[in-house]
Amino acid sequence: MTPEVKSQQIEIGGKTVTIETGKYAQTANGSVTVRCGDTVLFVHATVSKEPRAGIDFFPLLIDYEERMSSIGRIPGGYNRSEGRSSEKAILVSRLIDRPIRPLFPKGYRNDIQIVAQLFSYDQQNQPDTLAMLGASYALMLSGAPFEGPIGAVRVSRLEGKFIANPTHNEANKSDLDIVIAGTADSVIMVEAGCNFVTEDDIMAAVEFALVEIKKQCEAQVKFAKECAVEPEKFVDPYDTTELKKIINDTAFNSIHEAYHNFDRTSRQEILDKAKDAVKEKIEALSEDHPIKKMMEETGVDFVSEEFKSAEKKVMRTMILEEGVRADGRKYDEVRPIWCEVGGIPRAHGSAVFTRGQTQVLSLATLAGPGMKQELDGVDPETEKRYMHKYIFPGFSVGEVKPMRGPGRREVGHGALAERANIPALPSQEEFGYTIRVTSDVLESNGSTSMASTCASSMALMNAGVPVKSMIGGVAMGMIAEAGKEPVVLTDIQGIEDFLGDMDFKVTGNDTGITALQMDMKAKGIANDTLKKALAQAKEGRLYILNKMREVIEKPSASLSPFAPQIFTMTIPTEDIGTVIGPGGKQIRAIIDASGAEIDIQDSGVVTITSNDQEGADIAKRMIKDLTFKPQEGMIMKGKVVRIIPIGAFVELAPGKDGMVHISQVCQERIETIEPHLNVGDEAIVKVVKIDEKGRVNLTIKGVSEEEKARVS
């Protein structure tokens, strides 16, 4: 049977993107193939028939999978198979999730899974935005009550002109690499890495992207009609009107009082008592009461859900009508800040950044270039010299939680703080170290990724890394209601993130932006509001940077005494094999003898990383000996290793010797060598000649007293 295939072509940034359905994976509710050049993805959406019982959230699961076969490579590792998702794959999964999640109706609890599989990759046309586009197409064809579609585009800038969906090479050359997703008329998500660009540059990139996004959305609506797909009209089957009335009558005054109490602990105590009072009212209802039957049938804690909605209403009303936030601050005010550096004695660099009830400890560690992180992925990038790890333990929010590896949230937060500081780092030529920073969250009440950005920057400076500038970051929020002017909030705390409409993080120095990450809980943000948020974020960032400078103004003049030292030397490229030796035998011998780390580049630059000068000197001497090449006129001290009737052989370097003819030993004529030279004696010799066979002729008598003094 020949499958009935439907396809569509759209143009993004001058490149043709082909979307096709009907050929593969027909059991999935929606499935598309997305192709641009030789980059090909299969994207599938599966929707459960019934809602999941006992949950109070929308169960959306996104899995982006990279196949190493997509670039014709077998995976590394013992099993030679794809294992846990790479950090890049996790970040792409998050990119897909963030603009889609807000576009499902409240109360929808059917499981939805989107699987995006990269099966072919030309390493030119980047797959992340294509995966985001494919996810929206698959959802549009699934029949789910998706309030999209969305479009997604990456924007870079070369020679003053914006480029949509650039290649890796174009993105690397640009001062701007930004992914923007949204609906036909508004932005929902922004993710960016920048090289100190202005707020106006960001807005120009967003406006450029919105043209492409609108085109993508219109194409999807047309394609869904061609495929005769109508989305489900979802109506929440559970009426909570009476429950809302009980909460309002029983707890509204307490909720209002709690949110006007600016102490977080006291507020929570009042809210807990109010919720308990509501639960007592519910418990007192008859067993056949509709509220009790609804909760029993679904397993959903509607009391907690609607109580949180009441909190949300009070908090938002305070901000919109009273101009007061939950902790008493003004809308553009940053929480109190204190910092310190150098508190961890053996760390190469350390810093603590505390803002309100959010606190992060960052530690910087320096190592040689051989400690770069190797990336076993499909992207052209194969290694990283700067790594940032973000750690979020349960105690930071007062919870008991087992210590596990980083989840998707932790990976995303760590990557954002890493990207924020990269533009300020010195080049490999300026500072040859590999750098790793770990950021431990010690206390959390909002914006730990921005605290990690600030603490990382100060830890790098404390370690003596010659950064170009200090980097700070701030998280912005928004409260928006129909018919009212949106209010932008500076330095949001946890509850403003949870109950607000936006989480918008901006990092940079005094003059420019280095990273952005914006997530919306509302269905988009107007350009004017986004512009206002960027301007307000700059004010907040400058305030935070000034607070950081009160503790450390510039990088430390010297490295920690516990940091390794790096020495470089250059050897002829033809001698690289000699230093490495058969199967690496020779370089391992140098490492064992010196205790140093040694990295040799193809250019012949040798980097020696050692914790002490003695080890470095041993390594340098052994490498010099291995690469030694005698030159005519060269004077050096050597050891007599062999005597023959006509002369003596003197070792100039390991494995390299020359011969002193008997006539070149003494000024006077001698008959035998031994009375004048014996095996093991040291002698100062000069290279007289190197013949066509590479044999070295030496002289002792031809060395003047002045030359002997210089060598001695």
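Laboratory data are not the source of any read-out in this text; all were calculated from the coordinates shown. Only a predicted model underlies this, so the values are computations on that prediction, with no experimental measurement involved. Because the Cβ atoms are built from the backbone with ideal geometry, glycine has one as well, and the counts that use them run over all protein chains shown.
Using +1 at the C-beta of Lys and Arg and -1 at the C-beta of Asp and Glu, which of Q359, A209, F562 has the Cα lying farthest in the positive direction of the dipole of the chain?
Of Q359, A209, F562, it is F562.
Which whole-number percentage describes the relative contact order of the range 536-632, with Cα contacts under 8 Å and a sequence gap of 6 or more? Don't skip to the answer; put the middle values down first.
Numbers: 94 pairs, mean separation 27.5, N = 97.
28 percent.
Would you mind getting me the FRET efficiency between E443 and R408? Use the beta-carbon distance for r and R0 = 22 Å, nearest 0.05. It would help to have the intermediate numbers written out before the result.
Numbers: r = 22 Å, r/R0 = 1.00.
After rounding, the FRET efficiency stands at 0.50.
By how many nm would the segment from N195 to K222 grow when fully extended, if each residue of separation counts as 0.36 nm and the alpha-carbon distance is taken off? Don't jump to the answer; show the numbers that get you there.
On the way: separation 27, 0.36 × 27 = 9.72 nm, distance 3.83 nm.
Gain in length upon complete extension: 5.9 nm.
Just want the answer: with Cβ charges of +1 for Lys and Arg and -1 for Asp and Glu, which residue in T448, V551, H388 is farthest toward the dipole's positive end in the chain?
H388
How high is the relative contact order of the range 635-711, in percent, counting Cα pairs under 8 Å that sit 6 or more residues apart? Walk me through the intermediate numbers first.
Values: 147 pairs, mean separation 26.0, N = 77.
Normalised by residue count, the contact order of the range 635-711 is 34 percent.
Label-point separation (nm) for V211 and S286, each offset 7 Å from Cα along Cα-to-Cβ?
About 6.7 nm, to one decimal.
Of the listed values (1) 1.26; (2) 0.97; (3) 2.26, identify the label whose number matches Cα Rg over 2.2 N^0.38 Å calculated from this model.
(1)
Restricting to DSSP H runs of at least four residues, report the calculated mean residue ellipticity at 222 nm for the chain, -39500 (n - 2.57) per run over all residues, nearest 500 deg cm²/dmol. Don't skip to the answer; put the middle values down first.
Working: 16 runs with 222 residues, N = 712.
That calculation yields -10000 deg cm²/dmol at 222 nm.
Stretch K245-K468 to full length: gain in nm at 0.36 nm per residue minus the Cα-Cα span?
Working: separation 223, 0.36 × 223 = 80.28 nm, distance 5.78 nm.
Working it through step by step, the gained length comes to 74.5 nm.
Whats the longest run of the chain with zero chymotrypsin sites (Phe, Trp or Tyr not before Pro) that are DSSP loop and have at most 12 other Cβ atoms within 10 Å? Kindly include the intermediate steps, with their values, before the conclusion.
Values: sites that count: F57, Y78, F562.
Between exposed loop sites, the widest span is 79-561.
List the longest stretch of the chain that has no exposed loop site; here a site is one of the trypsin sites (Lys or Arg not before Pro) assigned by DSSP to anything other than H, G, I, E or B, with at most 11 other Cβ within 10 Å. The partial results should precede the final answer.
On the way: sites that count: R80, R84, K106, K233, K330, R346, R404, K484, R669, K693, R695.
No qualifying site falls inside 485-668, the longest such stretch.
Roughly speaking, what is the stretch gain from I55 to K531, that is 0.36 nm per residue apart minus the C-alpha to C-alpha distance, in nm to one decimal?
Details: separation 476, 0.36 × 476 = 171.36 nm, distance 3.70 nm.
Extra length available between I55 and K531 comes to 167.7 nm.
Along Cα→Cβ, 7 Å out, is where each label goes; now give me the distance between the ones at E674 and V605 in nm to one decimal.
So the label points at E674 and V605 sit 5.5 nm apart.
Remind me, relative contact order of the chain in percent, using alpha carbon pairs under 8 angstrom and six or more residues apart?
10 percent.
What FRET efficiency do you get for E682 and H661 if R0 is 25 Å and r is their Cβ-Cβ distance, rounded to the nearest 0.05? Don't skip to the answer; put the middle values down first.
Numbers: r = 19 Å, r/R0 = 0.75.
Computed FRET efficiency for E682 and H661: 0.85.
Based on the Cβ-Cβ distance of K523 and Q9, what FRET efficiency does E = 1/(1 + (r/R0)^6) give at R0 = 35 Å, to the nearest 0.05? Write down the numbers at each step before the final one.
On the way: r = 28 Å, r/R0 = 0.81.
Taking R0 as 35 Å, the efficiency between K523 and Q9 is 0.80.
In debye, nearest 20: dipole of the chain around its Cα centre with unit charges on the Cβ of K, R (+) and D, E (-)? List each step's numbers first, then the result.
Numbers: 85 positive and 104 negative charges, 167 e Å.
In debye, rounded to 20, the chain gives about 800.
Note down the nm distance, to one decimal, between modelled labels 7 Å out along Cα→Cβ at Q631 and at I690.
0.9 nm
Within the range 1-69, report the GluC sites (Glu not before Pro) that DSSP leaves as loop and that have at most 16 other Cβ atoms within 10 Å. Kindly include the intermediate steps, with their values, before the conclusion.
Details: sites: E4, E11, E20, E65, E66; in loops: E4.
Here the sparse-neighbourhood loop sites are E4.
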